[in-house]
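Every read-out reported here was derived from the displayed coordinates using simple, explicitly stated rules and does not represent laboratory data. Source: prediction; values computed, not measured. Glycine gets a Cβ as well: all are built from the backbone with ideal geometry, and neighbour counts include every protein chain shown.
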Amino acid sequence: MTTCLIKVNTGTVDSPVGVGEFVEMDLVNDSLIFSKGSAIVADGLAIPSEAQLNSAASVVSETLEVPVAKCFLSDNSAGILKEIHNFNLNKRYVFAFDFDGATANEPTLELWDDTDLDSYALKSLGDGTPNDSWFKGVVTTDGLPGEDWEGTPLAGSGSSNVLNLNNNNGALTEAKVLYANLQIIIPANPSRSAKELPVFVVKYFVS
C-alpha cells in the first residue's frame with residue numbers, strides 16, 4: 001500500500017528531498033508552530049511553553065493585513081524548534097510529500113478544525129467561510145510560486161479550498177515527491193483572538 005511521508009526543509013537552501021536539509025515529521029508527536037519569533041522562540045532552542053509562545057505571537061493591526069513571519073517544526077524527539085526558513089517565501093522545496101508508490105487519485109492537502117475532518121469552524125479557517133481562511137497554500141511541485149504569490153485559502157474539502165499536490169496532473173502512477181509552500185495572512189482588525197490548532201491532512205486513495 002502506498003504511504004506518504006511528510007518532510008520539511010529546515011535548511012536555508014531551496015533544494016529538493018535528497019539534497020536539502022529535510023526532516024521527516026513524526027505525525028503523532030511533532031507539530032508546526034507559526035509565530036513572529038523571538039529570542040526564546042527561535043531555531044535550535046527548546047520547545048517553548050504556551051506563555052513563551054504567547055510572548056512571541058504575531059501582533060495584529062487595525063488597518064493592515066499581517067503575514068505571520070515564521071514557521072517552526074516542533075521536533076518532539078529532539079526537544080527543539082527547527083525553523084522552516086523558506087516558509088511564505090518565493091521558494092519551491094519547503095514542504096514535501098514523499099509518496100512511495102502510485103495513488104488512485106490526485107493527493108490533496110486540506111485543513112480542518114479537528115481529526116473528525118467534518119468541520120472548519122475555527123476563526124483562522126474563516127469561521128465557516130473557507131475563502132476567508134488565513135492559511136494560504138501554493139503547489140510548487142513543478143516550479144516556484146512567484147514573488148507575489150497569494151495562494152489558495154485552505155479550509156475543508158471544497159475544490160476551491162484544497163491544494164491538488166500534483167499540480168492538477170491527476171493520480172500518481174509511480175513514486176514521487178510533491179511540494180508546496182504555505183503562508184498565514186492575518187486580516188486587519190480580526191474580531192477575536194484564540195488558541196487554535198487546525199489539522200493538516202494529506203488525502204489520497206489507493207487501488
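Here are the numbers for this structure:
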| quantity | calculated |
| --- | --- |
| Around Asn161: net Lys/Arg minus Asp/Glu count, Cβ-Cβ under 14 Å | -3 |
| Signed unit charges on C-beta, dipole axis of the chain, positive-most listed residue Phe135, Gly44, Thr152 | Gly44 |
| Asp127 paired with Ser15, simple spin-label distance in nm, labels 7 Å along Cα-to-beta-carbon | 4.6 nm |
| Contact order relative to length of segment 84-207, as percent, for alpha carbon pairs under 8 angstrom and 6 or more apart | 41 percent |
| Contact order relative to length of the chain, as percent, for alpha carbon pairs under 8 angstrom and 6 or more apart | 25 percent |
| Choice from Ala51, Ala188, Ala175 with maximal GNM fluctuation in the chain (Cα, 10 Å cutoff) | Ala51 |
| Pairwise FRET efficiency - Ala39 versus Ser193, Cβ, R0 = 22 Å, nearest 0.05 | 0.45 |
| Cross-link reach list, aspartates and glutamates versus Lys91, counting only Cα pairs under 18 Å and skipping chain neighbours closer than eight places | Asp14, Glu21, Glu83, Asp142, Glu147, Asp148, Glu150 |
| Cα→Cβ-extended label distance, 7 Å offset, between Thr173 and Asn76, nm | 3.9 nm |
| Net dipole in debye of the chain [+1 Lys, Arg Cβ; -1 Asp, Glu Cβ; about Cα centre; nearest 20] | 240 debye |
| Listed values (i) 32; (ii) 70; (iii) 15, entry calculated as percent of Cα pairs over 31 Å apart | (iii) |
